[in-house]
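Just so it is clear, none of the values below were taken in a lab; they were calculated from the coordinates. Note that the structure is a prediction, hence the values are computed from the model and not measured. Cβ coordinates were reconstructed from backbone atoms using ideal geometry, including for glycine residues, and neighbour counts include every protein chain displayed.
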Amino acid sequence: MGIVETQEDVYDLEAAYLREGLPLNVRLFKGCWWQQPEDVRMELASRGLDVEDLESRRKLVIVNLQDVCERGGPDAAVSVWVNETLQARRDGFERLWGCGSPYLAESPEVHERLRTFETLLSHRLNGLPVIGLCTYYLDTRIPNFLSKLIHLMRNHLGVLSYTDLDNLAFARLKAE
């Protein structure tokens, strides 16, 4: 789990994370929640990723998980991660190197859907060849933001706090 201050920091961290996967034999995956895929493409390109080339070679897949979740529920969004992981292996990649940036919602129903998604994702990706980063930005306008965030930490192996590449910290939460 990544924690950043702003939405702009989400793009910065995810672009840096995806760049780390470029020289590896991995498929890059970006799950969009509060962002639109076209905006993500533009933001990643402005941060040095050749999105058009990467997508044309199926080295990068960008999916609107918010739409998937609204249509089919949390299990459908989790299935996208699982299916992309399995497809990456069939296509000759060693693993899926993915990121998503869900958001903590004011609505109890939307937050419960997110909690269900994170729990299912943690269980269904266990043992699969995937490395994932879920980045949350600090939106303290959300009631009970910190307690909601801490509850979601239980589904992650570690927490990365980030303000820029020179200011980051990582703590392992549980052993794999």
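Near residue 62, the amide H atoms lying under 5 Å from its own belong to 30; only residues 5 or more places off or on other chains count, and H is placed 1.01 Å from N.
Taking the convex hull of the Cα atoms, report for segment 8-69 its projected area averaged over all directions, in nm². Mean orientational projected area (segment 8-69, Cα hull): 4.1 nm². Across the chain, the relative contact order, built from alpha-carbon pairs under 8 Å that are at least six residues apart, equals 32 percent. The phi torsions of segment 36-47, fed into the Karplus equation with coefficients 6.51, -1.76 and 1.60 and a -60° offset, translate into couplings of 9, x, 5, 5, 4, 4, 5, 5, 5, 5, 5, 9 Hz, rounded to whole numbers, with Gly and Pro shown as x. Placing pseudo-labels 7 Å out from each Cα toward the beta carbon at residue 109 and residue 7 gives an inter-label distance of 2.3 nm. Placing one equal scatterer on every Cα of segment 32-98 and applying the Debye formula, the log10 ratio I(q)/I(0) at q = 0.12, 0.20 Å⁻¹ is -0.34, -0.90. Each residue of segment 7-20 was assigned a 3J(HN,Hα) from its phi angle through the Karplus expression (A = 6.51, B = -1.76, C = 1.60, θ = phi - 60°), giving 5, 4, 5, 4, 4, 4, 5, 5, 5, 5, 4, 5, 4, 4 Hz with x at Gly and Pro. Listed peptides 107-117, 4-14 appear in the order 4-14, 107-117 once ranked by packing, highest mean of other Cβ atoms within 10 Å at the front.
Our estimate of slack between residue 141 and residue 52, defined as 0.36 nm per intervening residue step minus the Cα-Cα distance, is 28.5 nm.
Beyond 17 Å, the tail of the calculated P(r) for segment 50-140 holds 52 percent of the Cα pairs. Shape analysis of the chain based on the Cα gyration tensor places the equivalent ellipsoid semi-axes at 23, 19, 16 Å, largest first.
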